[in-house]
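Every read-out reported here was derived from the displayed coordinates using simple, explicitly stated rules and does not represent laboratory data. Just so it is clear, the model here is predicted, and its values are computed rather than measured. With ideal geometry, Cβ positions are generated from the backbone for all residues, glycine too; neighbour counts draw on all protein chains shown.
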Amino acid sequence: MKKFNILLLFFVILISCQSDKKENSFDFTTTFEHSEGTETATYQEVIEFYNQLAEHYRSVAIYEMGKTDSGEPLHLVTFNPDRSFESEFSSDRDKNILLINNGIHPGESDGIDASMMLFRDLAQNEIDTPKNTIIAVIPVYNIGGALNRNGYSRANQNGPIEYGFRGNARNYNLNRDFIKADTRNAQSFNEIFKTVRPQLFIDNHVSNGADYQYTLTHLFTQHDKLGGDLGNYINESLMHQLEDSLKQKDWDLTPYVNVFNRTPDRGFSQFLDNPRYSTGYTALFNTLGLMVETHMLKPYKQRVEGTYELMRSFIEIADKDASKIKEYYNKNLELYSPGDTYPIAWELDSTKTTTLNFKGYEAEMIPSQVTGMSRLKYDTTKPYNRPVTYYNHYKQKKTVTIPEYYVIPTGYWNVVLTLRSSGIRVERSQKDTIVHAEVYKIDSYETSRSAYEGHYPHYNTKVIVNMEDVTIEKGDYLVRTDQNGLRYIIETLEPEAVDSFFNWNFFDAILQQKEYFSPYVWEEIALEQLESDPDLKQEFENKKNSDPAFSGNWYMQLDWIYKRSPYYERSHLRYPVVRVGG
Ligand SMILES: [Zn+2]
């Protein structure tokens, strides 16, 4: 029903965009250009700009796509000269789609301004029209943050004069919210993503961290993790083509310099984009993602112009390689099947490295005039060009076997809503039935001691697997893994996966025991338990003999018997989602 409403909405808005081209009565010079590269457009200016583009040019359409926490709707704008409703988003469309996301961190506004100019120049035929690729843009993703304008919250950043704040209308960092989807922004993004199903994705940011000569850095989704021909294509072709293309335009481009509080010359590793991050989320659907990170200390004008040129080069390459990208994307959708081994954790492979010809600045430790201790100081008058080791390979650390399906009990409707919001097909059992299933018991986990993005998430989660006959009740949810969202299903429903729903506190109620025993009553029953089960009694005696802490603690002993009796609740630490087949 929800989907139908959204589709209907598309029609209504789309039809309003199909009026004949009007006289160009609107000034399409952006705030960025008017201010000679010192200011970024306000949220209202951005939306007015795209509304006017859609009014004036048939190739541009603007859609409202769900709500955000700010109360304002999330917009999606497309550039597609061959528009028809069917070809725009249908799964059998010929063209690829590139989805560009801006202002997830509104203080990092470079992409907001660069995308406005890019769409104008596409609409006005100032740059070549891509033949095989639809360009779609979210003008501003974190609208609440964009409305919260100030001139201070990016303390290390060289412009613009004013900008939005990192937290959204409820102070969430949206670039950690793609899996847990606490915000309406994330829920609407997931709706957009499943509707658009892009082959390609760009998320525009500004970096923090070290100083170096480059304005532009690229942070591609980790290619070993993306896997298949698509992962190889990033590492062996696209990345080099992008660097070469920008080089021809006198823009240097380097991999994201993933170092903090030290200099890059001792080498650095590629950032591992787990599913909580934008490109980590898109990788779960085999979308080739790229985070653009401009350098915070470079002037705003230069950063926006660089972002524009980077996106332009990316589009040219993606359009030239469109059939290859579509082929690799389709092959990646078939990469995993039930019964296969699937990696749920990755670690750096320090045996495989690349040498970068890195353009940095000399740095030294000097006495701090603030603290009196030593501090890091870069000397921008001393640029260097030096080989630096880049660790850009990851290897599988932990795997699971992909089951045929997962069973989610009816009560966990919230989990099902989140799965469906990301386009996962969930069926319901038509009858009561008993299946032989793998059941997880949560063996151990650690919990963050400080608040993180609205949660106290778990980590280092370990499970024990048992085979049990499990009753699937009529109405329970079945999630088959032979669907396009396979990777999302595994990485959210396997508790040991880093960004699992378990780790994001969706199942915390099972971690707490609900019923206990009164020792003076339990004494008699405990005795009966031991006397009716000689094996249990032997095990109990052995434990008392070998474990002094146990033998000296009457409560531990009673509890030990309780937990081995039928009186102990089955749900405690029992992960309610079970695995069948595979
Ligand atoms: Zn950012």
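Residue-wise HN-Hα couplings along the range 463-472, as the Karplus relation 6.51 cos²θ - 1.76 cosθ + 1.60 with θ = phi - 60° gives them from phi, are 10, 10, 9, 10, 8, 9, 7, 10, 7, 8 Hz; Gly and Pro carry x. Residue separation of K359 and N171 scaled by 0.36 nm, minus their Cα-Cα distance, works out to 64.0 nm of gained length. When you filter the trypsin sites (Lys or Arg not before Pro) in the range 505-582 for DSSP loop state and at most 10 other Cβ atoms inside 10 Å of their Cβ, you are left with K514, R570.
Close amide H pairs (under 5 Å, H built 1.01 Å from N) link V140 with H75, residues at least 5 positions away or on another chain. Rounded to the nearest 20 debye, the dipole magnitude of the range 147-219 is 240 debye, with +1 charges on Lys and Arg beta carbons, -1 on Asp and Glu beta carbons, and the Cα centre as origin. With the simple model of a label 7 Å out from the Cα in the direction of the Cβ, L558 to N125 spans 8.7 nm. If you find the alpha carbon centre of the range 412-439 and of the range 211-238, how far apart are they in angstrom? Cα centres, the range 412-439 to the range 211-238: 35 Å. For the range 46-53, backbone phi angles converted through the Karplus equation (6.51, -1.76, 1.60; θ = phi - 60°) give residue-by-residue couplings of 4, 5, 4, 4, 6, 4, 5, 4 Hz, Gly and Pro being listed as x. Shown for E347, E494: other C-beta atoms within 10 Å of each C-beta, ranked fewest to most, produce the order E347, E494. Since only I104, P255, L536 are under comparison, the one whose Cα sits farthest along the positive direction of the charge dipole of the chain, derived from C-beta charges on Lys, Arg, Asp and Glu, is P255. With a simple spin-label model that places each label point 7 Å from the Cα along the Cα-to-Cβ direction, the separation between E569 and F260 comes to 3.8 nm.
For D443, nonlocal amide neighbours, meaning residues 5 or more places apart or on other chains whose placed amide H falls under 5 Å from its own, are K462, V463, I464.
The chymotrypsin sites (Phe, Trp or Tyr not before Pro) of the range 210-303 that DSSP puts in a loop, and whose beta carbon has at most 11 other beta carbons within 10 Å, are F260. Dividing the helix sum by the residues of the chain, where each DSSP H run of 4 or more adds -39500 (n - 2.57), gives a mean residue ellipticity at 222 nm of -9500 deg cm²/dmol. Here the range 2-335 is treated with +1 on each Lys and Arg Cβ and -1 on each Asp and Glu Cβ, and its dipole about the Cα centre works out to around 980 debye.
With each label modelled as a point 7 angstrom along the Cα→C-beta vector, the K395-K352 pair spans 1.0 nm.
Once Lys and Arg get +1 and Asp and Glu get -1 on their Cβ, which of N190, T78, Q124 lies farthest toward the positive end of the dipole of the range 2-335? Of the options given, the answer is N190.
Determine the gain in length on full extension of the stretch L376-N51; use 0.36 nm per residue of separation and subtract their C-alpha separation, reporting nm with one decimal. Walk me through the intermediate numbers first.
Working: separation 325, 0.36 × 325 = 117.00 nm, distance 4.71 nm.
Extra length available between L376 and N51 comes to 112.3 nm.
Sequence-ordered 3J(HN,Hα) estimates for the range 230-236 from the Karplus curve with 6.51, -1.76 and 1.60 and θ = phi - 60° stand at 5, x, 4, 4, 4, 6, 9 Hz, glycine and proline given as x. Exposure proxy ranking for M65, M116, M365, based on other Cβ atoms within 10 angstrom of each Cβ and starting from the fewest, stands as M365, M65, M116. Among the trypsin sites (Lys or Arg not before Pro) within the range 114-159, those in coil by DSSP and having at most 15 neighbouring Cβ atoms inside 10 Å are K131. Centre-to-centre, using Cα atoms only, the range 362-389 and the range 470-491 are separated by 53 Å.
Charge dipole (Cα centre; +1 on Lys/Arg Cβ, -1 on Asp/Glu Cβ; no other charges) of the chain amounts to roughly 300 debye.
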